[in-house]
Each structure stands twice: as structure tokens, then as C-alpha cells.
Amino acid sequence: MTTRRNILPGFGISTGFTLAYMSLVVLIPLSAVFLKAASVEWSQFWATITAPRLIASYKLTLGTSFVSALLNAGFGLLVAWVLARYEFPFKRIVDALVDLPFALPTAVAGIALTAIYSQNGWFGRYLEPLGIKVAFTPLGIVVALMFVGLPFVVRNVQPVLEDLDSEIEEAARSLGATRWQTFRLVIVPTVLPALLTGFALAFARGLGEYGSVVFISGNLPNTQISSLLINTKLEQYDYAGATAIAVVMLILSFALLLGINLLQSRTRRFQETA
Amino acid sequence: MEDTPKRSRTNSGNAFIRWLLIGFALVFLAVFLVTPLLTVFVEAFAKGWGAYKTAIVEPDALSSIYLTLMAAAVAVPVNTMFGIAAAWSITKFDFIGKNVLVTLLDLPFAVSPIISGLIFVLMFGAQGWIGPWLAEHDIRIIFAVPGIILATMFVTVPFVARELIPHMQAQGREEEEAALVLGATGLQTFFRVTLPNIRWSLMYGIILCTARAMGEFGAVAVVSGHIRGQTNTIPLHVEILYNEYNFVGAFAVASLLTLMAIVTLALKKFVEWKISE
């Protein structure tokens with residue numbers, strides 16, 4: 001496009017309102033965390049974020065988020081595949097259901113999952129005799145994070161699978177590739193960027209998730225996630241401590257957000273050239 | 001669909017694998033998604049319709065419903081206006097820093113809900129930036145309704161803009177330019193050309209924004225202070241009842257949010273169908 005003058009009105013007012021609103025509601029409040037952190041003595045800040053209880057919480061938060069995102073990548077790929085490729089009864093309802101974790105408030109998911117997996121629950125009563133404790137253990141956190149993270153994987157992978165030309169697969173097959181080779185060498189490379197994006201989004205969501213986790217984790221010494229510790233510090237009016245943990249988590253989420261944006265722009269490029 | 005018969009032919013050879021995969025996927029979804037959904041209603045009606053009704057018409061429950069609706073009634077229209085303005089600015093014009101703005105738009109999605117609440121405590125709380133000034137003038141934001149509204153606004157900022165931007169990007173600016181050249185005013189162009197074009201994506205964004213506004217837990221929990229009958233939203237009321245081991249009550253109130261989620265999903269499907277038309 002040449003330097004054609006843009007005749008559309010409202011640039012000033014729409015951009016001005018956008019910037020003002022973003023600043024007031026998002027950016028200034030978020031900067032409060034960093035300003036507060038800057039006012040804390042470095043040694044005290046460091047002591048807070050490296051306390052054994054916090055190190056344990058980072059490990060737990062990162063570990064459960066990673067495991068649940070990994071499981072979701074597998075199950076999400078399966079669900080996306082089935083929805084994109086096969087016809088079966090009630091498919092539209094099943095497809096709508098995949099978005100349930102986006103629509104269901106996290107606190108509701110939290111109490112429902114706790115009820116299911118606790119000692120007397122629908123699943124808990126059968127798992128407990130087998131020695132598998134889910135509620136009030138890190139495993140419960142994984143279950144909750146799988147619930148909230150699943151749609152991220154399915155909704156990223158599904159459109160790519162739907163667009164994937166079945167002729168390419170047929171070409172591979174007619175050239176003598178086995179079903180497994182076609183899957184491994186044709187389908188997997190095509191969906192990989194979308195699968196990675198879905199995995200990263202589910203992982204990022206897991207790091208910050210609170211509502212569904214607090215109920216099933218039960219706030220025991222070995223099930224305290226980082227978000228919960230921020231809240232505990234706040235309830236003790238330890239603003240400096242809460243802020244210090246928040247800074248660590250924010251830096252982590254920003255890094256992930258940046259990575260996800262890069263991944264998504266690569267996925268788009270890939271789809272455009274494909 | 002031209003290639004449908006071809007596809008079914010390639011698949012017909014392995015019906016066994018197909019049904020195995022479908023079976024696995026459905027069992028997985030039944031265990032992880034359908035069971036929690038059913039649990040809510042089974043637990044809510046565990047002691048019958050009477051106990052269910054009592055839990056919902058109880059004054060504290062009603063006040064939590066009222067507060068939730070109020071917070072959504074402020075946050076959703078404001079964020080809808082913001083979403084339209086942001087999408088208009090980002091998709092119809094080119095300016096320096098546009099990509100940064102698009103990235104910043106996602107920030108509330110990337111931040112833990114607890115941190116979303118914390119930031120408002122740091123600003124308006126007793127030891128916060130302007131906390132002392134607010135206390136002097138007897139204005140309460142934290143542990144009061146304004147804080148809840150602010151936190152709700154923060155977590156729902158991106159929803160409408162996120163839905164509108166790709167749609168308006170794809171549409172370009174030719175139609176609006178044509179209207180303007182033909183003599184329409186800016187507002188006429190917006191209401192007669194742009195708005196009809198984006199109405200379904202706009203609806204979609206508003207639906208998602210409303211669901212999140214009514215269901216937000218973490219951010220609101222931090223700023224609310226859990227004052228019964230005053231600063232409890234529906235999710236917070238659920239938490240209190242649950243922690244008091246009043247499971248029937250907790251699930252009864254939670255069933256309202258679950259119904260909202262089901263309606264959201266149905267509307268979402270409907271709007272998706274309208275968009276694809």
C-alpha cells in the first residue's frame with residue numbers, strides 16, 4: 001500500500017481512550033507491585049523469596065503446572081483429533097463441552113473436584129483403597145490444573161487439524177508410508193507449533209491458577225502453591241512479603257507471555273506458508 | 001465439502017482405531033469435565049429441593065447475587081466500550097508502538113488472580129499509595145464494593161478487544177471508507193457499517209466477559225475482606241459456605257454459577273454458528 005491518507009475518523013479519541021484506560025486500570029496498578037518491591041531492602045527481599053517454604057512452593061507450582069500441561073498436551077491432542085476428524089453422535093455437544101473450564105468459575109470447579117476426589121467422593125472412595133490419594137495432595141493440584149488447562153490445547157490444535165489437507169496424508173499413504181509414519185512424519189510436524197502454544201498457554205495458566213487449586217490442595221505444608229502464599233502474607237498484612245513473591249511470579253509470567261507471542265507468530269507464519 | 005467422501009473412504013479401513021480413539025476421548029471428557037458438572041447438581045440437591053431453595057433465598061446469598069450482578073453491570077459495559085475503542089484504534093490505524101499495545105492488552109490474562117487483587121491493595125489499601133489520603137476522606141475502596149468492581153474490571157479488560165481485533169483486522173477499512181466518501185458522518189459510519197459487521201464477535205466477547213466477571217474468585221477474594229452480606233460475591237459466598245462444611249449450601253449457590261456457565265456455552269455455540277454463516 002502506498003502512502004494513501006487514512007480518512008477514517010476517531011483515531012485520536014479511540015487511541016486516547018485506549019491508552020488512558022489501559023494506564024489507569026492495568027499499567028499503573030501493575031507498576032505498584034514493582035514500586036513497592038523497590039522500596040523493600042534487597043537483603044530482606046532476597047530472604048523472603050528464597051525462604052525454604054517459598055522454594056518448595058515454586059517447585060510445586062512449576063512441577064504441577066508442567067505435569068498437567070504435559071498430560072493436557074496428550075489428552076488435548078486426542079480430543080482435538082477426534083473432534084476434527086471423526087463424526088459421532090452428540091459431537092456438537094461434546095465440542096461445546098470442551099469450553100466448560102473457560103466458562104465455569106474456578107471456585108465451583110475447585111469444590112466439585114474436591115468432592116469427587118475426597119475420601120468419600122465418587123472417585124476418591126475407589127482410589128483411596130488402592131493407595132491413591134488425590135484430594136489434599138499434589139496429585140489433586142495436577143487434576144485441577146488439567147481441568148482448567150484442557151481447552152487451551154484443544155482449541156489451539158483443533159483448527160490446525162481441520163485445515164490440514166487430507167490429500168497430503170493420502171499422498172504420504174500412497175507413496176507407501178505406514179499409518180504410523182504418516183502420523184509421525186506428516187501430521188505431528190504440522191500440529192507441533194499449535195500443540196506447543198497450547199501447552200505453553202496451559203502451563204502459564206497453571207502457574208497463576210488459584211480458585212480451583214485452593215480447595216483441592218487443602219492448604220497443607222506440602223501443597224502450598226505460590227499464589228496461596230501471596231494470599232497468606234496479605235492476610236497477615238505483610239505487604240512487602242506478598243509483593244516480593246508477586247514480583248517473582250510476574251517476571252515468570254511475563255517471560256512466558258513473551259515466549260507464547262513468539263510461538264504464535266511463528267505458528268501463523270507456518271500456517272500462511274503451508 | 002468436496003473432500004468428505006474421500007476422507008471417509010480413507011478412514012473406513014480402520015473403523016476399529018477410529019472408535020477406539022473416540023471412546024478414549026469421550027471417557028476422558030466424561031471423567032474430567034462431565035463428572036464435576038454433575039457433582040455440583042447432585043450435591044446441591046443432596047437434601048432435596050427444600051434445602052436447595054433455603055440456601056439460595058437466604059439473605060446473605062441474595063446479597064452476594066446482588067453484588068455479583070452489580071460488579072458485572074459496571075465492568076462489562078465499561079470493558080465493552082474499551083474493547084470497541086481499542087479494536088478501532090488498533091485495526092483501523094497504524095501507529096508506533098501498536099504491537100506493544102496489543103501485547104499489553106493480554107497482561108490481565110497472564111497475571112495470577114491473586115496478584116490482580118494484590119495490586120489494588122497496594123494502591124488503595126491502608127498501607128497503600130493513596131490509602132492514607134482515602135482514609136482521611138473516609139473513602140473505602142479495599143474491603144468494600146469499589147475494590148471488588150475494580151478487580152473485576154481488571155481481570156475482564158481483554159475479553160471484548162480480543163474477540164474484535166482479529167475480526168476487524170480481517171475486514172479492513174474499505175467499507176468504512178466507502179461510507180465516508182459517500183457522505184456519512186463518522187458516527188453514522190460506525191453504527192451503520194462497522195457495528196452490523198462486528199455484532200456477533202462483539203456479542204461473543206460480551207458473553208465471555210460477563211461469565212468471567214461473575215465467576216472471578218482470586219482477585220475478588222483478595223480485595224473483598226469477606227464481609228458477609230456486604231462484600232461477598234457469589235463465588236466468595238460459595239467459599240465461605242464450603243469452609244463451614246455447609247456443602248449443600250455451597251453447592252446450591254455454586255449451581256447458579258454452573259447454570260450461568262452452561263448458558264454461556266450455549267450462547268457461545270449459537271454465536272459461533274452465526275459467525276460461520
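The values are calculated or read from the model by the stated rules, or taken from the named source; none is laboratory data. These figures come from a predicted structure and were not determined experimentally. So basically every Cβ, Gly included, is an ideal-geometry build from the backbone, and we count neighbours across all protein chains shown.
State yes or no: is A:Pro89 outside any helix (DSSP H, G or I) and either charged (D, E, K, R) or more than 25 Å from A:Ala200 (Cβ to Cβ) (or both)? Spell out how you get there, then give the answer.
Details: outside any helix (DSSP H, G or I): yes; either charged (D, E, K, R) or more than 25 Å from A:Ala200 (Cβ to Cβ) (or both): yes.
It is true that A:Pro89 is outside any helix (DSSP H, G or I) and either charged (D, E, K, R) or more than 25 Å from A:Ala200 (Cβ to Cβ) (or both).
So that you can scan it fast, the table gives a plain yes or no per residue for (1) at pLDDT below 95; (2) closer than 30 Å to B:Ile17 by Cα:
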| site | (1), (2) |
| --- | --- |
| A:Glu87 | yes, yes |
| A:Pro105 | no, no |
| A:Ala109 | no, no |
| A:Leu113 | no, no |
| A:Gln119 | yes, no |
| A:Gly124 | yes, no |
| A:Leu127 | yes, yes |
| A:Gly131 | yes, no |
| A:Ala135 | yes, no |
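How many of the residues in the range A:240-257 are over 13 Å from A:Ala38 (Cβ atoms), of a type outside the set (A, V, I, L, M) and within 9 Å of chain B (Cβ to nearest Cβ)?
Qualifying residue count, the range A:240-257: 2.
Go through the residues of the range B:60-69 one by one and say whether even a single one is farther than 30 Å from A:Val26 by Cβ, among the small types (Gly, Ala, Ser) and not assigned by TED's automatic domain parsing to the domain that holds B:Cys209.
So the first thing to find is which residues in the range B:60-69 are farther than 30 Å from A:Val26 by Cβ, and the list is B:60-62.
Add one more test, that the residue is among the small types (Gly, Ala, Ser), and what stays is B:61.
Those left that are additionally not assigned by TED's automatic domain parsing to the domain that holds B:Cys209: none.
No, because not a single residue in the range B:60-69 is farther than 30 Å from A:Val26 by Cβ, among the small types (Gly, Ala, Ser) and not assigned by TED's automatic domain parsing to the domain that holds B:Cys209.
Being under 17 Å from A:Leu263 (Cβ atoms) and among the β-branched types (Val, Ile, Thr) is the requirement here; does A:Val188 meet it?
For A:Val188, the condition - under 17 Å from A:Leu263 (Cβ atoms) and among the β-branched types (Val, Ile, Thr) - is met.
Looking at the range A:63-77 only, could you name the residues that are in contact with a Phe, Trp or Tyr (Cβ under 9 Å, 6 or more places away or on another chain) and among the hydrophobic types (A, V, I, L, M, F, W, C)?
Here is the first cut: in the range A:63-77, the residues in contact with a Phe, Trp or Tyr (Cβ under 9 Å, 6 or more places away or on another chain) are A:65-66, A:68-70, A:72-73, A:75-76.
Across the range A:63-77, the qualifying residues are A:Phe66, A:Ala69, A:Leu70, A:Ala73, A:Phe75.
Here is a list: A:Thr137, A:Thr106. Which entry is farther than 20 Å from B:Phe251 by Cα, under 21 Å from the mean Cα position of the chain (by Cα) and of a type in the set (Ser, Thr, Tyr)?
On the way: A:Thr106 fails: farther than 20 Å from B:Phe251 by Cα.
Going through A:Thr137, A:Thr106 in turn, the sole match is A:Thr137.
Report whether or not A:Val79 is without any contact (Cβ under 8 Å) to a residue 40 or more places away in the chain, surrounded by 24 or more Cβ atoms within 10 Å (Cβ to Cβ) and of a type in the set (Val, Ile, Thr).
Details: without any contact (Cβ under 8 Å) to a residue 40 or more places away in the chain: no; surrounded by 24 or more Cβ atoms within 10 Å (Cβ to Cβ): yes; of a type in the set (Val, Ile, Thr): yes.
No.
Select from the range A:157-193 the residues that are more than 31 Å from the chain's Cα centre (by Cα) and among the β-branched types (Val, Ile, Thr) and write down the one among them that is nearest to A:Tyr86 (Cα to Cα).
The selected residue is A:Ile168.
Just a yes or no: is a residue in the range A:165-178 within 10 Å of chain B (Cβ to nearest Cβ) and either under 25 Å from A:Val94 (Cα atoms) or in contact with a Phe, Trp or Tyr (Cβ under 7 Å, 6 or more places away or on another chain) (or both)?
yes
Within the range B:190-233, track down each residue that is crowded, with 21+ Cβ neighbours inside 10 Å, at the interface with chain A (Cβ under 8 Å from one of its Cβ atoms) and either assigned to a helix (DSSP H, G or I) or of a type in the set (A, V, I, L, M, F, W, C) (or both).
B:Leu208, B:Ala211, B:Met214, B:Gly215, B:Phe217, B:Gly218, B:Ala221, B:Val222
Condition first: closer than 25 Å to A:Ile141 by Cβ and exposed (fewer than 13 other Cβ atoms within 10 Å of the Cβ). Now tell me which residues in the range A:25-69 satisfy that. Spell out the reasoning first.
Residues of the range A:25-69 that are closer than 25 Å to A:Ile141 by Cβ, as a first pass: A:33, A:48-69.
Residues satisfying the conditions are A:Thr50, A:Pro52, A:Arg53, A:Ile55, A:Lys59.
Does the range A:250-273 contain any residue that is in a helix (DSSP H, G or I), surrounded by fewer than 19 Cβ atoms within 10 Å (Cβ to Cβ), modelled with pLDDT of 90 or more and touching a helix residue (DSSP H, G or I) at 6+ places or on another chain (Cβ under 9 Å)?
No, because not a single residue in the range A:250-273 is in a helix (DSSP H, G or I), surrounded by fewer than 19 Cβ atoms within 10 Å (Cβ to Cβ), modelled with pLDDT of 90 or more and touching a helix residue (DSSP H, G or I) at 6+ places or on another chain (Cβ under 9 Å).
Suppose the filter is in contact (Cβ under 8 Å) with a residue 24 or more places away in the chain and under 12 Å from the mean Cα position of the chain (by Cα); does B:Gly215 pass it? Working first, answer last.
On the way: in contact (Cβ under 8 Å) with a residue 24 or more places away in the chain: yes; under 12 Å from the mean Cα position of the chain (by Cα): yes.
Yes; evaluated as a whole, the condition is true for this residue.
So if I check each of A:Ile13, A:Ile7, which one is at the interface with chain B (Cβ under 8 Å from one of its Cβ atoms), out of contact with any strand residue (DSSP E or B) (no Cβ under 6 Å at 6 or more places or on another chain) and not in a helix (DSSP H, G or I)? Break it down into steps so the answer makes sense when it comes.
Numbers: A:Ile13 fails: not in a helix (DSSP H, G or I).
It is A:Ile7.
Could you please find all residues in the range A:203-219 being among the polar types (S, T, N, Q) and surrounded by fewer than 24 Cβ atoms within 10 Å (Cβ to Cβ)? Talk me through it step by step, then tell me what you get.
Initially, the range A:203-219 is screened for residues among the polar types (S, T, N, Q), giving A:212, A:217, A:219.
Correct list: A:Asn219 only.
Can you name the residue in the range B:104-124 that is more than 7 Å from chain A (Cβ to nearest Cβ) and not hydrophobic (A, V, I, L, M, F, W, C) and is also nearest to B:Ala178 (Cα to Cα) among such residues? Quick ask: steps written out before the conclusion?
Residues of the range B:104-124 more than 7 Å from chain A (Cβ to nearest Cβ): B:105, B:109, B:116-117, B:124.
Within this subset, residues satisfying the condition of being not hydrophobic (A, V, I, L, M, F, W, C) are B:116-117.
Details: B:Ser116: 43, B:Gly117: 46 Å.
Filtering first and then ranking leaves B:Ser116.
Going through the range B:185-238 one residue at a time, which ones are of a type outside the set (A, V, I, L, M) and in contact with a Pro (Cβ under 6 Å, 6 or more places away or on another chain)?
Step one: filter the range B:185-238 for residues of a type outside the set (A, V, I, L, M), giving B:185-186, B:188-192, B:194, B:196-197, B:199-201, B:204-205, B:209-210, B:212, B:215-218, B:224-226, B:228-233, B:235, B:237.
Within the range B:185-238, B:Gly186, B:Gly215, B:Phe217, B:Gly218, B:Pro235 qualify.
Any residue at all in the range B:89-103 that's more than 9 Å from chain A (Cβ to nearest Cβ), in contact with a helix residue (DSSP H, G or I) (Cβ under 7 Å, 6 or more places away or on another chain) and free of Cβ contacts under 8 Å to residues at least 40 places away in the same chain?
Yes: the range B:89-103 contains one or more residues that are more than 9 Å from chain A (Cβ to nearest Cβ), in contact with a helix residue (DSSP H, G or I) (Cβ under 7 Å, 6 or more places away or on another chain) and free of Cβ contacts under 8 Å to residues at least 40 places away in the same chain.
Return the total of residues in the range A:230-248 being buried (at least 24 other Cβ atoms within 10 Å of the Cβ) and in contact (Cβ under 8 Å) with a residue 24 or more places away in the chain.
Matching residues across the range A:230-248 total 4.
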